[in-house]
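First comes the structure, then the notes that go with it.
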Amino acid sequence: MAFTHLHLHTEYSLLDGANRIHELPARLKELGMDACAITDHGALYGVLDFYRTMKKNGIHPVIGCEVYVAPRNHKDKEGAPDRDPHHLILLAENDEGYHNLVKLVSAGFVDGFYYRPRVDRELLRQHSEGLIALSACLSGEVPRLIMQGEMEEAKQTALLYQEIFGENYYYLELQENGMAEQAIVNKGLIEISEMTGIPLVATNDCHYLNQDDAFAHEVLLCMQTGKTMNSPDRMQMNTDTLYVRSPDEMETLFAAFPEALLNTERIAKRCQVDLKRGAISLPHFETEEGETAEEMLRRLCYEGLDKRMVQRETGISFEAYSERLDYELSVINSMGYTDYYLIVWDFIRFAHDHDIMVGPGRGSGAASLAAYTLFITDIDPLKYELLFERFLNKERVSMPDFDIDFCYERRGEVIDYVTRKYGVDQVCQVITFGTLAARAVIRDVGRALDVSYADTDRIAKMVPEQLKMTIDLALEMNPDLKKLYEEDDVTRRVIDLAKRFEGMPRHASTHAAGVIIAGKPVCEIAPLSRNDESIVVQFTKDDIEDVGLLKFDFLGLRTLTVLQETSQLVEEKTGTAIDFARMTYDDPKVFEMISRGDTEGVFQLEGGGMTTFLKDLQPESFEVIVYQEQVIRIVRDLAGFSLAQADNVRRAMGKKNEALLQSYRKLFIEGGADEKGAEVKGAIANGVPRKVADKLFNDIYAFAGYAFNKAHAASYAAVAYYTAWCKYYYPVEYMAAILNSHLGNLDKAGRYVRVAETTSTRAAPVFTRRVRRSDSV
């Protein structure tokens, strides 16, 4: 007899579930199982990862959630009566059920959050279609009533849930965990089933993978609650049976209830949700009457081009700009990104109209001439030979992505504008997860085990501080840590437990920049949650595109705040604000200042190592040195790839996609048809010897991993130039603006103050002493 787990918590039941999604398939296959459910507490954080991982490993994924049902209305939040919601398992039978589950989970966070995200019976009734409900663990409503001896009330409640979800859509959940309370509940559930005909289903409430993980799970609960293993009032499961049991174990435990076991298979087969990649949902940009979006975009671009040609003389003909612009517009329109460009243009226009400083660009978006003419970016792609295909090409599956820097202090105003324009239900931010990194997890485990602070601190500090550090790597790199691990029992215990939790999500927070703008309510596409006052989509930035959502990055850059403040101070002094859009990045006095190492306060150029480098380099122009775009040009010029194909090669190199790279190597050297059937001539056919072509491919592969994106480098070089120019020509105002930024513009009484109003005419005093917040400015 087969069996499927329908009640299982992954690491996305934060600091409660210890089943690592990437470890599950191997164990399930070892146990002979071909299906499994995910039912994390209150949230759908992990469903995309779970779905993809199970599918990849030939295991049928059942998508669900263990929701919290408020005792009263989900909006009631009045202390004890509303603090302890009931558990209920919901499984999506079909796509409609999944979308109803998304809406329920979203409502639980957005409107019902009170200690936990909560729904209520009325919400369940409204969104019951396509959902299969199980009565849950000992914290379920029916089990609780049974434990309280209220059998009639328990029966009526079970019948109510059956009425809400429908016949054969509500099941009474038998578990066998060795607890006395569970035996009482099982007896009551069986009686209710016999009286009402509501079917039984067997589950195991899996919180960890193997039985010997039970102690580690108790430690994890201590990490969640801030208790230690020696705390008398710590949360405990009081059983070591909440692991992924085998079908044989479940058949032995529930031999008297074969239907409850068979129902797990029947339910799993009924649950067929397809989380395929969705079409991107964007608002349709409202144009003026009689004008299509394509016509509006073209008009705005050419109006902007006229302004740009007046602003900066480049020596490049209007015809060259027009040819490039027409090409870009044809790609943008044919790929369906017209509205996307107009949406970005619109909120950038809002920022400009309200004197909110916008950065010159970030990332590959600065390679678009259309973006330059729309004043989304401020770098001329033709002058600096930036490739549009690096940002957008017809053969690239992923969406284009404009990352926009705003004045740090006023970024929120732009987000507020977007929210007002498109609606609060269509705009939200993006979730991110803090994970248990090497040092942090050692400290958390040490605290939970009641290891002294001094000992825990000593172990943690032996882990080197560098990016992507892991405990295993630390043991390899630090012989003292390895020796302590081998010789000291306490250290070994802490590290062994820490390794089990390393990398798990610890808490949810809000991504620093990501903002979703959708064409319909976001909760119709993906689940929402609440982080403090921010409403966020429950999927991370790497997953949202897969469900049809597009992220716009609204970044706050403090340097822009400094530049804006400088411009205001200069305008007050001279009557004329600084026009950064007209700067041509070629002032020899600015470069002479940089070359002599006078870079204190200059964006990304200050610091001992950089100052020394610049003194040696003696820069005289705006160019930077090494770019990803060079990879694209080499692949195009030597092997005959189109620019779009060449960018795909560059992306494959950056992601080290070995299987794809081998096919590209063959194409680069010998030519042939690519994955879409497009012909490539190949380097040999272009007269390059095979040995040379092979070496070239190896060289550019090695180079692609660390080469710069030229558009991004040019954009940030522009910010560096702005700051250097301000420092050279208006040092007092610039340094005053920096000081305002560091002090937060507060005087000792907490009042806003402008440093330039009280500073002298010389910049020197700004740096002659350390300024305390309490100092009078």
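The values are calculated or read from the model by the stated rules, or taken from the named source; none is laboratory data. In this text the structure is predicted, and so the values were computed from the model without any measurement. FYI the Cβ positions are ideal-geometry reconstructions off the backbone, even for glycines, and counts take in every protein chain you see. SASA here: full protein model, heavy atoms, side chains in, ligands and nucleic acids out. Shrake-Rupley method; radii C 1.70, N 1.55, O 1.52, S 1.80 Å.
Here Glu389, Glu413 are screened, and the one residue that is over 20 Å from Gly304 (Cβ atoms) and surrounded by fewer than 18 Cβ atoms within 10 Å (Cβ to Cβ) is Glu413. For region 436-460, the tally of residues that are in a loop (DSSP other than H, G, I, E, B) and of a type in the set (D, E, K, R) stands at 1.
Scanning region 505-519 for residues that are surrounded by fewer than 20 Cβ atoms within 10 Å (Cβ to Cβ) and not in a strand (DSSP E or B) gives a single hit, Gly519.
Mind listing whichever residues of region 72-98 are more than 14 Å from Val273 (Cβ to Cβ), out of contact with any Gly (no Cβ under 7 Å at 6 or more places or on another chain) and either part of a helix (DSSP H, G or I) or open to solvent by 30 Å² or more (accessible area, probe 1.4 Å) (or both)?
Passing the criteria: Arg72, Asn73, Asp76, Lys77, Glu78, Ala80, Pro81, Asp82, Arg83, Asp84.
With respect to the conditions (1) closer than 21 Å to Tyr384 by Cβ; (2) surrounded by fewer than 21 Cβ atoms within 10 Å (Cβ to Cβ); (3) of a type outside the set (A, V, I, L, M), Phe603 falls short on a single one, namely (2). All of (1) open to solvent by 40 Å² or more (accessible area, probe 1.4 Å); (2) modelled with pLDDT of 95 or more; (3) not basic (Lys, Arg) hold for Cys301 with one exception: (1). Please work out which residue is nearest to Asp212 (Cα to Cα), limiting yourself to region 229-256 and to residues that are crowded, with 18+ Cβ neighbours inside 10 Å and of a type outside the set (Val, Ile, Thr). Here the answer is Tyr243. In region 271-284, the residue that is modelled with the lowest pLDDT out of those that are surrounded by fewer than 17 Cβ atoms within 10 Å (Cβ to Cβ) and not aliphatic (A, V, I, L, M) is Gly278. List, please: which pairs have Cβ atoms under 7 Å, are six or more places apart or on different chains, and start with a residue in region 49-71 that is open to solvent by 10 Å² or more (accessible area, probe 1.4 Å) and end with one that is among the small types (Gly, Ala, Ser) and not in a strand (DSSP E or B)? Between residues of region 49-71 that are open to solvent by 10 Å² or more (accessible area, probe 1.4 Å) and residues that are among the small types (Gly, Ala, Ser) and not in a strand (DSSP E or B), the close pairs are His60/Ala268; Tyr68/Gly42; Tyr68/Gly108. With respect to Glu476, is the statement that it is open to solvent by 20 Å² or more (accessible area, probe 1.4 Å), part of a helix (DSSP H, G or I) and either more than 30 Å from Tyr114 (Cα to Cα) or touching a residue at least 60 places away in the same chain (Cβ under 8 Å) (or both) true? Yes; evaluated as a whole, the condition is true for this residue.
Report the residue count in region 99-140 for those that are among the hydroxyl-bearing types (Ser, Thr, Tyr) and open to solvent by 10 Å² or more (accessible area, probe 1.4 Å). Quick ask: steps written out before the conclusion?
The first filter runs over region 99-140 and keeps only residues among the hydroxyl-bearing types (Ser, Thr, Tyr), leaving 106, 114-115, 128, 135, 139.
Subset that is open to solvent by 10 Å² or more (accessible area, probe 1.4 Å): 114-115, 128, 139.
Selection size over region 99-140: 4.
Quick check on region 520-533. Is at least one of its residues part of a helix (DSSP H, G or I), within 14 Å of the chain's Cα centre (by Cα) and of a type outside the set (S, T, N, Q)? Spell out the reasoning first.
Step one: list which residues in region 520-533 are part of a helix (DSSP H, G or I), which gives 522-524.
Checking which are within 14 Å of the chain's Cα centre (by Cα) leaves us with none.
Within region 520-533, none of the residues are part of a helix (DSSP H, G or I), within 14 Å of the chain's Cα centre (by Cα) and of a type outside the set (S, T, N, Q).
Scanning region 367-403 for residues that are in contact with a helix residue (DSSP H, G or I) (Cβ under 7 Å, 6 or more places away or on another chain) and aliphatic (A, V, I, L, M) turns up Ala367, Leu369, Ala370, Ala371, Leu374, Ile376, Ile379, Leu382, Leu386, Leu387, Leu392, Met399.
All of Asp405, Asp425, Asp401 fail the test of being in contact with a Leu (Cβ under 8 Å, 6 or more places away or on another chain) and of a type in the set (Asp, Glu), apart from Asp405.
Once region 627-671 is narrowed to residues that are open to solvent by 50 Å² or more (accessible area, probe 1.4 Å) and closer than 23 Å to Asp380 by Cα, the residue that is modelled with the lowest pLDDT is Gln630. Per the conditions (1) more than 24 Å from Phe375 (Cα to Cα); (2) open to solvent by 20 Å² or more (accessible area, probe 1.4 Å), the sole criterion not satisfied by Gln538 is (2).
Only a single criterion out of (1) open to solvent by less than 10 Å² (accessible area, probe 1.4 Å); (2) in contact (Cβ under 8 Å) with a residue 60 or more places away in the chain; (3) in contact with a helix residue (DSSP H, G or I) (Cβ under 9 Å, 6 or more places away or on another chain); (4) farther than 30 Å from Thr314 by Cβ is not satisfied by Val494, namely (2). Count of region 568-586 residues, restricted to those that are over 23 Å from Thr373 (Cα atoms) and open to solvent by less than 20 Å² (accessible area, probe 1.4 Å), is 2. Residues that are within 23 Å of Lys29 (Cα to Cα), in contact (Cβ under 8 Å) with a residue 40 or more places away in the chain and among the aromatic types (Phe, Trp, Tyr) are absent from region 226-246 altogether. Could you please let me know if Tyr337 is open to solvent by 10 Å² or more (accessible area, probe 1.4 Å), closer than 29 Å to Ala644 by Cα and at pLDDT 90 or above? In short, yes.
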